[in-house]
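In what follows, a single structure is set out as structure tokens and then discussed.
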Amino acid sequence: MLHTKLTIARDANEPLPVTQGRLLDFPDDPIACMRRLHAAHGSVCAMEEDGQRIYFVFGPEYNHQVLSDSNTFHSRFFAIRGGRNSSQRRLSSGLLSMNGDQHKRNRRMVMDAFMKKAILNYLPAIRIEVESMLSDWTPGNERDISRDMTDFMLRLTSSILFGLDQPQVAYKIGHMIDHWVHLNHEIGMGAFVSDPTIANRYGDLLAEANELEGQILGMIRMRKANPTGRDALSMLINAHDAEGSISEEELVGQAALMFAAAHLTTAHSLTWTLFLLAQHPSVMNGLHQELTKELDGGFPTLEQVERLSLTERVIKESMRILPASSYSQRITAVPVELGPFKLAPGAGIVFSQFITHHLPEIYSEPDTFQPDRWLTMAPSPYQYLPFGAGPRMCLGAPLAMLIMKATLPTILQRFKLTVVPNTEVSGKVISTMLGPTTSVMMRIEHQDGRFESQPVRGNIHQMVDLREIRTARRAA
């Protein structure tokens, strides 16, 4: 087995780049913690408490080592797996938690549900759900855009995964998966740190997993009896290779993990993009001109979507500066050297999209929102990785991009969104996902092409430089 090994010059007597501290400081505020670690130690380091360590890598070189070698660095999406024969184990055993030959086979089987031909089948669901959402919007009202995007993606992800013919059943399962994922995230740190408060909720997680598995199995059996062929679950049921089809146990895990990976990440990306556009009138003005020129006011066709070049740059820049997936982790499967460290099997390693996307040596003025930087730069997959990189790169990336490239123009042709003045906008990474922790209140108006930013409070200013003067200077 070949491993990429990076070496750095250092004196043999030089202490290892290790910060002693409370490991729970990391989930308490991941971005602040990672920024401190990066500032103190550079591209590779560790946090240690009572002999337990979490390792961190920052930047493209170590991203490449960790993400390109899936035999050495295994994926483990959920920290708490449950007993071997538990519902929790089966639910948390989807593609993102598989490794080795099992991952390769299941990735091949799942891939068909995310190919271009399959994605076209999902366009009616996207249109139905975005129109349903906008039917509740009234000019002159103020809305929490974060809540709207979360509810929209809950309905849409449920429809894409489970089908349009049983919407209430699909939404119920979607809600249950969403709650189960949140519970996993809340108590997941208990896998690394002994904390009685966290451990006491383990029974709640197992009970919820039992109920959820029963609901998903019911949907699987309904689809087997009445396949539609147009939803992702039906495609997974029909997938087969020389070894046969996907087992019911594997289908349970794939359904849960596919929903978990798609729902909140895309909801947060939509929210952050709408917020950034509202706070950068010069960019929004250019986007309005593009939408007016290329579209007719309705839901865009696939051909129209592909012509929206500024829309794509806006989305890419939003996912750079506020990546919904802001860090992830790997577990070493074999002994390996990582910079100055010699890691044993089972070591946990965190890599960060957020830190990489804010490195000034890659992105000039990294804290500013500049969609036009994408006219001249083409970063490597390990410099820009909102969907991960390497052999485990997210299969759902093309679908997520299509959802955003169809949804944002539909909204912004019809409505102008302005942030409510002096509202608080704060965000936090909660178990890998960077989302708002406050309401993102916006005033809804008919689209008139006149845009103005508003003052906001909150920790958003620690993540993004919202001064429009810089964006205006770049656009001039």
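Okay, here's what the table says:
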{"quantity": "Failed item in (1) surrounded by fewer than 17 Cβ atoms within 10 Å (Cβ to Cβ); (2) touching a residue at least 40 places away in the same chain (Cβ under 8 Å), with Arg392 passing the rest", "calculated": "(1)"}
{"quantity": "Members of segment 128-165 that are without any contact (Cβ under 8 Å) to a residue 60 or more places away in the chain, of a type outside the set (Lys, Arg) and surrounded by 14 or more Cβ atoms within 10 Å (Cβ to Cβ)", "calculated": "Ile128, Glu129, Met133, Asp148, Asp151"}
{"quantity": "Qualifying residue in segment 46-57 (condition: more than 27 Å from Glu14 (Cα to Cα) and touching a residue at least 40 places away in the same chain (Cβ under 8 Å))", "calculated": "no"}
{"quantity": "Residue in segment 390-407 that is modelled with pLDDT of 95 or more, within 23 Å of the chain's Cα centre (by Cα) and in a strand (DSSP E or B) present", "calculated": "no"}
{"quantity": "Qualifying residue in segment 414-430 (condition: more than 23 Å from Glu142 (Cβ to Cβ), buried (at least 20 other Cβ atoms within 10 Å of the Cβ) and under 16 Å from the mean Cα position of the chain (by Cα))", "calculated": "yes"}
{"quantity": "Number of the exception - Gly190 against (1) surrounded by fewer than 17 Cβ atoms within 10 Å (Cβ to Cβ); (2) at pLDDT below 85", "calculated": "(1)"}
{"quantity": "Evaluation of Ala113 against (1) aliphatic (A, V, I, L, M); (2) modelled with pLDDT of 90 or more; (3) farther than 30 Å from Ser426 by Cα; (4) buried (at least 21 other Cβ atoms within 10 Å of the Cβ) (one fails), failing number", "calculated": "(2)"}
{"quantity": "Verdict on Pro386 being out of contact with any strand residue (DSSP E or B) (no Cβ under 7 Å at 6 or more places or on another chain) and either buried (at least 20 other Cβ atoms within 10 Å of the Cβ) or not acidic (Asp, Glu) (or both)", "calculated": "no"}
{"quantity": "Whichever residue in segment 226-257 is part of a helix (DSSP H, G or I) and touching a Phe, Trp or Tyr at 6+ places or on another chain (Cβ under 7 Å) and, among such residues, is farthest from Thr438 (Cα to Cα)", "calculated": "Leu233"}
{"quantity": "Matching entry among Leu236, Leu164 (being at pLDDT 85 or above and either among the charged types (D, E, K, R) or touching an Asp or Glu at 6+ places or on another chain (Cβ under 9 Å) (or both))", "calculated": "Leu236"}
{"quantity": "Some residue of segment 286-293 being under 30 Å from Thr423 (Cβ atoms) and exposed (fewer than 14 other Cβ atoms within 10 Å of the Cβ)", "calculated": "yes"}
{"quantity": "Every pair of residues 6+ apart whose Cβ atoms lie under 8 Å, when the first sits in segment 358-369 and is free of Cβ contacts under 8 Å to residues at least 24 places away in the same chain while the second is outside any loop (DSSP other than H, G, I, E, B)", "calculated": "Ser364/Arg373"}
{"quantity": "The lone exception for Gly297 - which of (1) surrounded by 21 or more Cβ atoms within 10 Å (Cβ to Cβ); (2) among the small types (Gly, Ala, Ser); (3) touching a residue at least 60 places away in the same chain (Cβ under 8 Å) it fails", "calculated": "(1)"}
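The rows are residues; the columns are (1) within 30 Å of Val334 (Cα to Cα); (2) touching a Ser or Thr at 6+ places or on another chain (Cβ under 6 Å); (3) in a loop (DSSP other than H, G, I, E, B).
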position	(1), (2), (3)
Ser93	yes, no, yes
Leu123	no, no, no
Ser146	no, yes, no
Ser158	no, no, no
Val169	no, no, no
His175	no, no, no
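The values are calculated or read from the model by the stated rules, or taken from the named source; none is laboratory data. Here the structure is a predicted model, which is why all the values come from computation and not from measurement. Positions of Cβ are generated from backbone atoms using ideal geometry, with glycine treated the same way; all protein chains shown enter the neighbour counts.
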